[in-house]
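The values are calculated or read from the model by the stated rules, or taken from the named source; none is laboratory data. It should be emphasised that the depicted structure is a prediction, and the values quoted were computed from it without experimental measurement. For neighbour counting, all protein chains shown are included, and Cβ atoms are generated from backbone atoms with ideal geometry for every residue, glycine included. What goes into the accessible areas is simple: the full protein's heavy atoms, side chains included, and nothing from ligands, DNA or RNA. Shrake-Rupley method; radii C 1.70, N 1.55, O 1.52, S 1.80 Å.
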Amino acid sequence: MDTLEAMTVFVRVVERGSFSAVARELGTTQPTVSKQISALEQRLGGRLIARSTRQLSLTDEGQRYYQQCREILAAVDNAEHSFQTGREGVAGPLRIASSVSFGRLQIAPRLHRFLQRYPDVTIDLQLSDQNVDLVSEGVDVALRIGDLKDSSLIARQIGLTRRLTVASPAYLKHYHAPQSPDDLTRHNCILFNLLEQFDTWTFNAGQYQVQVSGNVRSNNSEAIRQMVLSGLGISLSPSWLYRDDIEAGRVIRVLEDYTHSSLPIHAVSPANRRQSARIRAFVDFLVEAFAADEDLALV
């Protein structure tokens with residue numbers, strides 16, 4: 001048995017969640033893939049995957065082995081590239097996690113330029129509005145907006161999310177625009193409920209703290225944007241989400257004389273994961289890209 005080949009098949013089975021999908025990917029049969037996994041389990045002396053008719057799930061030992069296999073295969077990729085080029089190569093798989101809206105609007109459009117620069121990297125972009133467990137999900141680097149709670153992560157601040165208070169012309173036609181933060185208590189405010197104290201909006205570095213309320217809330221920024229565009233209410237949201245809408249007049253900034261604190265954007269990785277060349281290259285790339293964007297730049 002070729003151990004590296006078996007490790008590669010095992011990792012793909014875990015990430016695809018299907019023996020048959022990996023068989024199609026590798027141009028072989030499902031029984032062949034199953035036999036490779038069984039041979040690997042026999043060599044190791046324990047079960048890696050708990051099989052059922054409905055889904056595949058890793059055993060505890062399988063989860064640990066999966067993480068180790070990813071590291072080993074990445075090291076092999078880098079070693080081969082380093083031998084050929086004389087330096088550690090920016091090559092191999094890179095699994096990225098992000099919130100849905102930020103990933104779709106700010107990460108996905110920039111991947112083409114990153115891959116033009118580093119064509120030997122392959123990317124798996126995972127989008128979720130919940131903070132996933134980086135180790136169990138096999139994530140190399142995640143983009144997190146807001147203050148970090150997990151101090152065990154390797155973190156680098158790469159940008160800032162600036163925030164605006166906005167509403168649509170249709171909403172403001174029926175309700176007078178607020179003139180001060182206190183006026184928000186008389187408005188329907190659309191709440192983003194993934195932030196701590198999501199119903200308290202702070203202005204001017206804490207000078208004003210207003211308890212707001214409304215008849216709808218969401219954990220997704222783009223859903224809130226659609227509600228704002230429909231005329232449902234006022235939102236405190238990232239400026240990058242409404243850039244085109246403001247220029248086109250589809251939404252209007254309110255309370256422009258009052259400022260909001262910006263939210264930090266961090267690139268985070270598990271503490272037990274080696275900071276490979278491709279992770280460093282991707283984070284450096286985002287720092288460079290965000291520095292050229294007034295809605296995301298650190299300064």
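Eigenvalues of the alpha-carbon gyration tensor of the stretch 1-67, scaled by 5 and square-rooted, set the equivalent ellipsoid semi-axes at 16, 14, 11 angstrom, largest first.
Hull volume per residue, based on the alpha-carbon atoms of the stretch 131-227 and their convex hull, is 135 Å³.
Using the empirical formula 2.2 N^0.38 Å as the baseline, the Cα radius of gyration of the stretch 225-299 reaches a ratio of 1.48. Computed from Cα atoms, the angle from the helix 30-44 axis to the main principal axis of the chain rounds to 80 degrees. Packing, taken as the mean count of other beta carbons within 10 Å per residue, orders the peptides 58-64, 174-180, 250-256 from highest to lowest as 250-256, 58-64, 174-180. Packing order of peptides 117-123, 204-210, highest average first: 117-123, 204-210 (average count of other Cβ atoms within 10 Å over each peptide's residues). Each listed q (0.13, 0.22 Å⁻¹) maps to a log10 I(q)/I(0) for the stretch 72-211 from the Debye sum over equal C-alpha point scatterers, namely -0.78, -1.41.
The angle between the Cα long axis of helix 3-16 and the longest principal axis of the Cα atoms of the chain comes to about 30 degrees, rounded to the nearest 10. Principal-axis analysis of the Cα atoms of the chain puts helix 277-291 at an angle of about 20° to the longest axis. The helix-only estimate of mean residue ellipticity at 222 nm for the chain, built from DSSP H runs of length n ≥ 4 each weighted as -39500 (n - 2.57), is -11000 deg cm²/dmol after division by the residue total. The mean of 1/r over all pairs of different alpha-carbon atoms in the stretch 140-299, once inverted, gives a Kirkwood hydrodynamic radius of 16.9 Å. Take each peptide in 15-23, 162-170, count the other Cβ atoms within 10 Å of every residue, and average; sorted highest first, the result is 162-170, 15-23. Percent of accessible area on the chain owned by carbon and sulfur, 1.4 Å probe? Of the solvent-accessible surface of the chain, carbon and sulfur hold 47 percent.
Structure remark: mean-square fluctuation, Gaussian network model of the chain, C-alpha springs under 10 Å; the largest value among GLN211, GLN42, GLN106 belongs to GLN42. A viscosity of 1.002 mPa s and a temperature of 20 °C, combined with the Kirkwood radius over Cα pairs in Stokes-Einstein, give a translational diffusion coefficient for the chain of 98 µm²/s. Pairs of C-alpha atoms in the stretch 169-221 farther apart than 15 Å represent 52 percent of all such pairs. How many nm is it between the label spots at HIS176 and ILE246, if each spot is 7 Å from the Cα in line with the beta carbon? Label-label distance for HIS176 and ILE246, simple model: 2.5 nm.
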